[in-house]
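Asks: Got a structure for you, questions after.
Where a number appears in this text, it was derived from the coordinates with a stated rule and is not lab data. As the structure is a prediction and not an experimental result, all values here were calculated from the model. Reconstructed Cβ throughout: ideal geometry from the backbone, glycine too, with neighbour counts over all protein chains shown.
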Amino acid sequence: MGRLIKLENPPRINGYASVVGKREHEGPLSADFDVHDKSEKFGMDTWEKAESEMQRMALNLALSKAKLSPDALGAIFAGDLQNQCVGSVYASENFHTPYFGLYGACSTFAESIMLSALFVSAGYFDICGAVTSSHFCAAERQYRFPLEYGGQRAPTAQRTVTGAGAMVIGGGNTGVKITEVMPGRVVDKGINDVNNMGAAMAPAAIDTIESYFNESGKSPTEFDLILTGDLGAEGHSITLEYLQKRGLDIAAVYSDCGLMIFNRKTQDMHSGGSGCGCSASVVCGNIMKRFEKGTLHDILYIATGALMSPSSLQQGLSIPGIAHLVRLEA
């Protein structure tokens with residue numbers, strides 16, 4: 001049995017919203033985000049609380065766009081980069097609805113969309129919320145060093161995005177459809193350099209993309225866009241080169257959220273963006289607005305994640321990767 005799941009009753013994206021920080025708003029996609037905060041605190045007194053507030057704001061705004069109240073939610077599928085996903089826990093507690101905490105690292109938003117779509121398509125819930133976030137300052141002091149340390153960043157390093165994305169997924173006759181999903185599998189090639197997550201995640205992206213085209217029988221040219229998130233410059237080039245060597249050329253339609261969200265030259269972002277909030281804010285900002293404008297009709301969104309923890313890094317263990325695929329159609 002294959003990994004590709006074709007949804008018999010494709011649910012739709014009823015509402016979506018993106019919330020970002022200062023540097024993300026200063027990037028090339030600034031006009032596509034719904035809310036930004038130059039202080040990156042969002043009215044809170046800690047970075048961790050600010051991340052929870054970003055999720056709350058994003059989901060409330062997505063519900064508002066869908067003309068729905070929080071009571072309409074059958075469940076929330078949410079995740080972040082904080083230990084035990086506590087950012088999502090505190091964000092979800094005031095919605096008083098069933099909560100599923102997810103950890104797929106940077107792949108979490110595709111995972112939350114996938115699970116929401118499967119539950120809605122199967123009829124278990126009428127409406128679900130898919131929410132994901134990350135915060136640069138919270139992630140840095142959890143995974144690397146205190147911000148005051150001012151350590152030198154390697155050229156292959158990516159900057160964790162301060163951002164959140166939310167989708168309200170349900171039925172209806174309007175809105176972008178979620179027609180296919182492909183769960184990722186853990187792929188570990190022995191990379192243990194925390195400053196090169198693109199190389200750690202690229203093998204999983206390659207595995208999922210190659211598996212999708214093998215199972216579906218489709219061609220990359222049938223899609224307007226094949227979007228990974230977020231491999232950055234290093235992982236993007238590895239994925240593209242390897243797939244070309246395998247006879248699968250996606251270059252004409254391939255982009256990566258980590259390369260889209262920042263201007264790497266003027267903003268000095270090394271290999272690009274990363275973090276749960278990277279692809280979440282790009283998809284709920286730029287990508288969904290391009291669907292609205294009619295410039296996108298059919299895309300593959302493959303979110304990639306580096307499955308590590310602070311203790312696994314301290315012990316020098318390898319960084320396994322994963323990549324979940326979601327097909328979005330107008």
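Asks: Can you give the net charge of the other residues whose Cβ lies under 13 Å from the Cβ of A105, counting K and R as +1 and D and E as -1?
Replies: Numbers: positive: none; negative: D80, E111, D230.
Combined, the nearby Lys, Arg, Asp and Glu give -3.
Asks: A further question follows. Using 0.36 nm times the number of residues separating K189 and K265, minus their current alpha carbon distance, what extension gain do you get?
Replies: 24.4 nm
Asks: Could you give the length gained by full extension between M1 and K67, i.e. 0.36 nm per residue of separation minus their alpha carbon distance, to one decimal place? Can you show the working numbers first?
Replies: Working: separation 66, 0.36 × 66 = 23.76 nm, distance 3.95 nm.
Between M1 and K67, full extension yields 19.8 nm more.
Asks: Let me ask something else. Which net charge results when you count Lys and Arg as +1 and Asp and Glu as -1 among the other residues whose beta-carbon is under 12 Å from that of S18?
Replies: Details: positive: K65, K289; negative: E24, D32, D34.
Overall, the nearby charge balance is -1.
Asks: At 24 Å minimum axial length over the Cα atoms and a Kyte-Doolittle cut of 1.0, report the qualifying DSSP H helices in the chain, or say none.
Replies: Values: long enough: 47-65 (27 Å, -0.62); 197-216 (29 Å, 0.25).
Counting only whole DSSP H runs, no helix qualifies.
Asks: Now for a separate question. Which aspartates and glutamates, if any, have their Cα less than 12 Å from the Cα of K41, not counting same-chain residues under 8 positions apart?
Replies: Those aspartates and glutamates meeting the cut-off are E51, E53.
Asks: Let me ask another. Over 25 Å between Cα atoms, which of K6/K65; K22/K49; K67/K293 qualify? Mind dumping the intermediate values first?
Replies: Details: K6/K65 27 Å; K22/K49 17 Å; K67/K293 20 Å.
Over 25 Å apart, Cα to Cα: K6/K65.
Asks: Is it possible to state the helix-based mean residue ellipticity at 222 nm for the chain, with each DSSP H run of 4+ residues giving -39500 (n - 2.57), the sum divided by total residues, to the nearest 500 deg cm²/dmol? What is it? All intermediate terms of the calculation are to be shown ahead of the outcome.
Replies: Details: 11 runs with 108 residues, N = 330.
-9500 deg cm²/dmol, from helical runs alone.
Asks: Now a separate question. Could you please report the charge total around E93, scoring K, R as +1 and D, E as -1 over all other residues with beta-carbon less than 13 angstrom from its beta-carbon? All intermediate terms of the calculation are to be shown ahead of the outcome.
Replies: Details: positive: K49, R56; negative: E53.
Net charge around E93: +1.
Asks: Let me ask another. Would you mind calculating the gained length between K218 and V253 on full extension (0.36 nm times residue separation, minus the Cα-Cα distance), in nm to one decimal? Walk me through the numbers on the way to the answer.
Replies: Numbers: separation 35, 0.36 × 35 = 12.60 nm, distance 1.39 nm.
That pair, K218 and V253, stretches by 11.2 nm at full extension.
Asks: Still on this structure, I have one more. Taking the Cα centre of the range 5-170 as origin, work out the dipole magnitude from +1 charges on Lys and Arg Cβ and -1 charges on Asp and Glu Cβ, in debye rounded to 20.
Replies: Numbers: 14 positive and 18 negative charges, 55 e Å.
Charge dipole, the range 5-170, about its Cα centre: 260 debye, nearest 20.
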